[in-house]
Structures are given as structure tokens and as C-alpha cells.
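Following: one structure in C-alpha cells, then a few remarks.
Values quoted throughout were computed directly from the atomic coordinates according to the rules given, and no laboratory measurement underlies them. Remember, it's a predicted structure, so these values are computed and weren't measured experimentally. All Cβ positions, even for glycine, are placed from backbone atoms using ideal geometry, and neighbour counts span all protein chains on display.
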Amino acid sequence: MKIAIAGKGGVGKTTVAGTLARLYAAEGRPVLAIDADPSTNLGSAIGISPQQVMAIQPIAQMDDLIEERTGARPGSQAPFFKLNPRVDDLPETLSIEHEGVRLMVMGTVQRGGSGCVCPENIMLRSLVTHLLLHRQDVVILDMVAGIEHLGRATASSVDALIAIVEPGRRSIQMARRIRELAADIGIQRLYIVGNKVRTAQDEAFIVEQTGDLDLLGIIHHHDEILQADRQGRAIYDLGGEAVEEVRAIKEKLDSLLGGEE
């Protein structure tokens, strides 16, 4: 199963991605969690200690590795480099494991823009392609809103794209933009998850404003989410209603996807 999660900054998509990863791992399934968001907070949401998270070097910043695999050093203006570098060994060698979840941190291409034809961007795209097309793990990608690491070659392998929204027009507008981007590259299944819902009015607003989108579930505001953030812990480890709401979303997703692997 391959799940991509996107949304406007601050809506809680990383918390959802990390909790889903832990829930799937608790079933004994191999899970690869891919942090493709520049904020690189997925490790904390999985439950990895702040010290370990800080020690992780994003792959986009591994200039020596990128040069070794592509034949060109980032920023070197090399006219030629490999467009299909070897990446199949990287999930084991460049991931950190916690409670059955392997985490990989992609990082951000700093030179030339996210769409540049540069060694580091080729490296990241090749890795995402490998993870989605050739791995049997449950793969969960915590994306930027622009889903920039996905392309037409990998779209058919994404079982679901989940857009996280909060009770505000800007985040719902972003979800619609994500739907447009997903349609452009052929992703068929887009679902919405409402988050940070405090009142019945908040929930009604999300339901009304996403009426033409597939609403997967609602996550209410819970004190344990703030508590986990302050302690640098995963909400999965604290338990409580928030985890159960994410569990219900996971179970509904599994049902909709028919138990796809």
C-alpha cells in the first residue's frame, strides 16, 4: 500500500502521517515513512527522539552520495550525469528504524528550484520511483502541498492521496489545488481528512466546504496532541481519542482500498 499525504503548512499532516505509520507497523506490516516535507518533522511524529531526528542528514544534502550515484556533484553545473542512478540499497542503508517503522528524510533541493534537472533532484525522484514501484512495504509519504516528488511515472502506484484540511477556507482551497495537481499526473483516489476540529460548527464547515470531495474522517482537537508536541513524542505513544480517530480513518481507508498491499 502506498499513501501520500499533503496539505497546507500547519494543518497537521505530519501528525497524521506518523500515526498512520505506527498503526500499520503495529499490525506487523513493514512500513517505510518518507519525509518529503522541508520541515522534516515526521521523525518526531513517529516517536523518534529529538536527538536522533536532529542527527539525520537529508538525502538531498548528501553531496558525496549524489556525486557517487549520478556522476555529478550538486551545484557543479556538470553538463552530463546519470538520469537513473542506483537507489535500491538506500532504504536499508539510509533509514532509521523505530517501532517497526523505517524513516527516510528526503530534504529539499536548494538550487534551481524543485523542478530542476539537477543531480539532487534526479536522485530524489529516482528514490521515490523505486519506493513506489518496487517496494512491497506500506509506504507513507509526508509531502509538501505541491506533491513535487511525485510524477506520472509513479502516480499509478499511489493507492491514495490524502489532503489534510482544517476548518478554514485557505486549507480547503489548498486541498482543491492538490486535487488539480493529482488529476494532472493521473492520481485517481483523493481523500480529505478534517483536522483540528474544536466545535460542531467547525465540523459542519468542513463537511459543507468539501461536499464535492471524499471526506475520509475527522480528527478533533485533543490535549494529547499538544502534549505530544511539547514533549517531542508521538501521539501514538500517548494514546487517547486522537489515536482512535486516526485508527478509524485508517480502517475506512483499508476498506475503500480493499486491503491492497
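Summary of computed values
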| quantity | calculated |
| --- | --- |
| Charge context of THR19, other residues only, Cβ under 15 angstrom, K/R +1, D/E -1 | -4 |
| Given charges at Cβ of Lys, Arg, Asp, Glu: the chain dipole, positive-most of GLY146, VAL207, VAL87 | GLY146 |
| Relative exposure of THR70, THR199, THR15, THR129, judged by other C-beta atoms within 10 Å (fewest first) | THR199, THR129, THR70, THR15 |
| Leading residue at positive end of dipole, region 2-257 (Cβ point charges), from ILE122, GLY240, ILE192 | ILE122 |
| Per-residue Cβ neighbour rank within 10 angstrom, fewest leading, MET123, MET54, MET62 | MET54, MET62, MET123 |
| Under Karplus coefficients 6.51, -1.76 and 1.60, residue-wise ³J(HN,Hα) of region 56-70 in Hz, glycine/proline x | 6, 9, x, 4, 4, 9, 8, 4, 5, 5, 4, 5, 4, 7, 9 |
| Length added when fully stretched, LEU83-ILE185, from 0.36 nm per residue minus Cα-Cα | 34.7 nm |
| Net charge dipole size for region 109-261 [Lys, Arg +1 and Asp, Glu -1 on Cβ; Debye, nearest 20] | 620 |
| Relative counts (whole %) of C-alpha pair distances in the chain, using bins that are 10 Å wide | 7, 32, 36, 19, 5, 0 |
| Nearby lysines by direct alpha-carbon distance to LYS250 (threshold 25 angstrom, same-chain neighbours under 8 apart not counted) | LYS2, LYS8, LYS13, LYS196 |
| Modelled FRET efficiency - R0 22 Å, SER76 with ALA55, Cβ distances, 0.05 increments | 0.25 |
| C-alpha long axis of helix 241-257 to longest principal axis of the chain, angle in ° | 70 |
| Charge dipole of region 116-261 about the Cα centre (unit charges at C-beta), most positive-ward option of GLY217, GLN173, ALA160 | GLN173 |
| Protection-proxy order for peptides 24-31, 72-79, 101-108, 175-182, each taking the mean of Cβ atoms within 10 Å per residue, highest first | 101-108, 175-182, 24-31, 72-79 |
